[in-house]
Amino acid sequence: MTIEVKFFASLREQLGRGEASLTAANPMSVAEVWSQATDNAEMPANVLMALNMEYVTAETTVNDGDEVAFFPPVTGG
Amino acid sequence: MHSEIREQPFEPYAELLKYQQSMQAAGRYGATAVFVGSMRDINENDTVTAMELEHYPGMTEKYLHTLGEQAAAHWDLIDSLILHRVGRVEPDDAIVLVAVWSAHRKDAFEASRYLMEELKSKAPFWKKEQTPEGERWVENNTAGY
């Protein structure tokens, strides 16, 4: 299965890329997606996570075709 | 109910008037609450010459639309408008416009405050400031309450 991963803002700059594509045999958690997409980098404590453009937690299950995004605290407005 | 991301500068008061006229609701609203957020030229005691406003295309639009729906479900509103800039922003440019029309001030005030606080704390936007010393990401928004 394929999972599209996105990183935004300071997190994208720290990781040196804005996107990643993962292939996995089985469904996995958002936390596992992070580990695979970042070569097991430590997840920042304040990171926010979205699955298919909705906020989720690290334990949420990710399935084939899903889009997962990681980003720092938001600063709009 | 309308929300939109803008890549070009906009004049918030002209947008407000234009939208209000398009609502076809004259005589029904007795209260209009408006918030305009503009770029300052100083932050944390440093001069800021410009900002780059990034967003998550798709999620940001979806989130703003959902916010409008939530406000309409919770308060007695006639209409609402949210505009937000992305891209290169300069001091005095409008960053955000939130306007709420209702029969009475309670719903207009409360719903506009709700929209702004939710937008500031959850809508996926990020600001990168340009200062004479270089670029830096804004790490957190100040608390609204």
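The values are calculated or read from the model by the stated rules, or taken from the named source; none is laboratory data. Remember, it's a predicted structure, so these values are computed and weren't measured experimentally. Heads up, the Cβs are rebuilt from the backbone with ideal geometry, glycines too, and the neighbour counts pull from every protein chain shown.
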| If you check B:Asp92, B:Asp46, which single one turns out to be in contact with a Lys or Arg (Cβ under 9 Å, 6 or more places away or on another chain), closer than 19 Å to B:Ala14 by Cα and either acidic (Asp, Glu) or within 9 Å of chain A (Cβ to nearest Cβ) (or both)? | B:Asp92
| note | Taking the stretch B:34-43 and the residues there that are within 14 Å of another protein chain (Cβ to nearest Cβ) and outside any strand (DSSP E or B), the one that is nearest to the chain's Cα centre (by Cα) would be B:Met39
| query | Can you find even one residue in the stretch A:21-34 that is of a type outside the set (Asp, Glu) and at positive phi? | reply | no
| Taking the condition among the aliphatic types (A, V, I, L, M), more than 29 Å from B:Gln130 (Cβ to Cβ) and surrounded by fewer than 17 Cβ atoms within 10 Å (Cβ to Cβ), does B:Ala72 pass? | yes
| field | So B:Lys128, is it within 14 Å of chain A (Cβ to nearest Cβ) and within 17 Å of the chain's Cα centre (by Cα) | value | no
| remark: By residue number, the members of the stretch B:16-68 that are polar (S, T, N, Q) and free of Cβ contacts under 8 Å to residues at least 60 places away in the same chain are B:Gln21, B:Ser22, B:Gln24, B:Ser38, B:Asn45, B:Thr66
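Residues checked against (1) closer than 17 Å to B:Met59 by Cβ; (2) modelled with pLDDT of 95 or more; (3) within 11 Å of chain B (Cβ to nearest Cβ):
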{"site": "A:Lys6", "(1), (2), (3)": "yes, yes, yes"}
{"site": "A:Gln14", "(1), (2), (3)": "no, yes, yes"}
{"site": "A:Gly18", "(1), (2), (3)": "yes, yes, yes"}
{"site": "A:Thr23", "(1), (2), (3)": "no, no, no"}
{"site": "A:Met28", "(1), (2), (3)": "no, yes, no"}
{"site": "A:Ser35", "(1), (2), (3)": "no, yes, no"}
| query | Applying the selection to the stretch B:50-78, what residues are assigned to a strand (DSSP E or B) and more than 9 Å from every other protein chain (Cβ to nearest Cβ)? | reply | B:Ala50, B:Met51, B:Glu52, B:Leu77, B:Ile78
| query | Only one residue in B:Leu115, B:Leu81, B:Leu97 is closer than 23 Å to A:Asn52 by Cα and either part of a helix (DSSP H, G or I) or in contact (Cβ under 8 Å) with a residue 60 or more places away in the chain (or both), so which one is that? | reply | B:Leu115
| query | Looking at (1) crowded, with 18+ Cβ neighbours inside 10 Å; (2) in contact (Cβ under 8 Å) with a residue 60 or more places away in the chain; (3) in a loop (DSSP other than H, G, I, E, B), can you tell me which one A:Ala69 breaks? | reply | (3)
| B:Thr47 being surrounded by 12 or more Cβ atoms within 10 Å (Cβ to Cβ) and over 16 Å from the mean Cα position of the chain (by Cα) | yes
| Does the stretch A:37-62 hold any residues that are in contact with a Leu (Cβ under 9 Å, 6 or more places away or on another chain) and within 14 Å of chain B (Cβ to nearest Cβ), and which are they? | A:Pro44, A:Val47, A:Tyr55
| field | Flag if B:Ala143 is away from chain A (no Cβ under 12 Å) and without any contact (Cβ under 8 Å) to a residue 12 or more places away in the chain | value | yes
| task | Filter the stretch A:16-66 down to residues that are in a loop (DSSP other than H, G, I, E, B), buried (at least 18 other Cβ atoms within 10 Å of the Cβ) and under 10 Å from the mean Cα position of the chain (by Cα), then give me how many there are. | result | 1
| request: Quickly run through the stretch A:1-19 and pick out the residues that are hydrophobic (A, V, I, L, M, F, W, C) and within 14 Å of A:Phe71 (Cα to Cα). | output: A:Val5, A:Phe7, A:Phe8, A:Ala9, A:Leu11, A:Leu15
